[in-house]
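Chemist: After the structure tokens below, expect a handful of questions from me.
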Amino acid sequence: MYIEDTNIENIVADLAVISEVMAKHDLVLAGQWDYERVTYDKKYVIKEGTYYLRVFGYTVDGDVGTKHADIILKKPVIGKHYYPHGVEYGEDEVFPESLVNDCIATLKAVNEELLPYCITK
């Protein structure tokens, strides 16, 4: 499920700044990166199952591996984890309202904190 109207999509900022802000809001980079892409995850374990709020990003002019890159954030998504297959994002998935509300609040807080660091391209 894509999350609309959070204003986080297309934010451009330095990788170190984005990673610091994301970490403050429990969105973890961990090993979900390659040289051009990053994925920040916030894990929710609730009675209905295990869910992930994911924020994807990519760079066009840097190298994530060297930690010197400007990252462009993409539209965030919520997915449900199914063992052993992985995370599903399909439109047939049902996401608890409280989960969706928490994800939206997290993304709005991240957006507000990143705004002063945005790079105009």
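Chemist: Given the options A23, A30, A69, A13, name the one that is without any contact (Cβ under 8 Å) to a residue 40 or more places away in the chain, of a type in the set (A, V, I, L, M) and in contact with a Leu (Cβ under 9 Å, 6 or more places away or on another chain).
Modeler: Going through A23, A30, A69, A13 in turn, just one is without any contact (Cβ under 8 Å) to a residue 40 or more places away in the chain, of a type in the set (A, V, I, L, M) and in contact with a Leu (Cβ under 9 Å, 6 or more places away or on another chain): A23.
Chemist: Kindly establish whether T6 is open to solvent by less than 60 Å² (accessible area, probe 1.4 Å), in contact (Cβ under 8 Å) with a residue 24 or more places away in the chain and of a type in the set (S, T, N, Q).
Modeler: It is true that T6 is open to solvent by less than 60 Å² (accessible area, probe 1.4 Å), in contact (Cβ under 8 Å) with a residue 24 or more places away in the chain and of a type in the set (S, T, N, Q).
Chemist: May I ask you to list the residues in region 66-121 that are of a type in the set (S, T, N, Q) and either open to solvent by 20 Å² or more (accessible area, probe 1.4 Å) or in contact with a His (Cβ under 9 Å, 6 or more places away or on another chain) (or both)?
Modeler: T66, S98, N101, T106, T120
Chemist: Shifting gears a bit: So is E20 out of contact with any Lys or Arg (no Cβ under 9 Å at 6 or more places or on another chain) and either over 18 Å from A109 (Cβ atoms) or outside any loop (DSSP other than H, G, I, E, B) (or both) or not?
Modeler: Criteria met by E20.
Chemist: Taking the criterion of being farther than 18 Å from L107 by Cβ and at pLDDT 90 or above, would at least one residue in region 3-15 satisfy it?
Modeler: yes
Chemist: Please verify whether V77 is touching a Phe, Trp or Tyr at 6+ places or on another chain (Cβ under 8 Å) and either closer than 15 Å to V110 by Cβ or of a type in the set (S, T, N, Q) (or both), treating the condition exactly as stated.
Modeler: Taking the combined requirement at face value, the residue satisfies it.
Chemist: Residue pairs, Cβ under 9 Å, 6 or more apart or interchain, first in region 93-106 and closer than 12 Å to L53 by Cβ, second open to solvent by 60 Å² or more (accessible area, probe 1.4 Å) and part of a loop (DSSP other than H, G, I, E, B). List them.
Modeler: F95/M1; F95/E48; L99/E48; V100/M1; I104/D5; T106/D26
Chemist: Would region 17-34 turn up any residue that is hydroxyl-bearing (S, T, Y), more than 16 Å from the chain's Cα centre (by Cα) and open to solvent by 20 Å² or more (accessible area, probe 1.4 Å)?
Modeler: no
Chemist: Also: Going by what's in this entry, would D26 be described as outside any strand (DSSP E or B) and over 18 Å from V94 (Cβ atoms)?
Modeler: Yes; evaluated as a whole, the condition is true for this residue.
Chemist: Could you please give the count of residues in region 40-65 that are assigned to a strand (DSSP E or B) and either open to solvent by 40 Å² or more (accessible area, probe 1.4 Å) or more than 16 Å from A13 (Cβ to Cβ) (or both)?
Modeler: Residues meeting the conditions: 15.
Chemist: Do you know which of the residues in region 72-100 that are assigned to a helix (DSSP H, G or I) and either over 18 Å from D5 (Cβ atoms) or of a type in the set (V, I, T) (or both) is nearest to the chain's Cα centre (by Cα)?
Modeler: Per the criteria, the residue is V100.
The values are calculated or read from the model by the stated rules, or taken from the named source; none is laboratory data. Because the structure is a prediction, the values reported are computed rather than measured. Cβ: placed from backbone, ideal geometry, glycine included. Neighbour counts: every protein chain shown. For the accessible areas, the whole protein counts, side chains as well, though only heavy atoms, and no ligand, DNA or RNA atoms are used. Shrake-Rupley method; radii C 1.70, N 1.55, O 1.52, S 1.80 Å.
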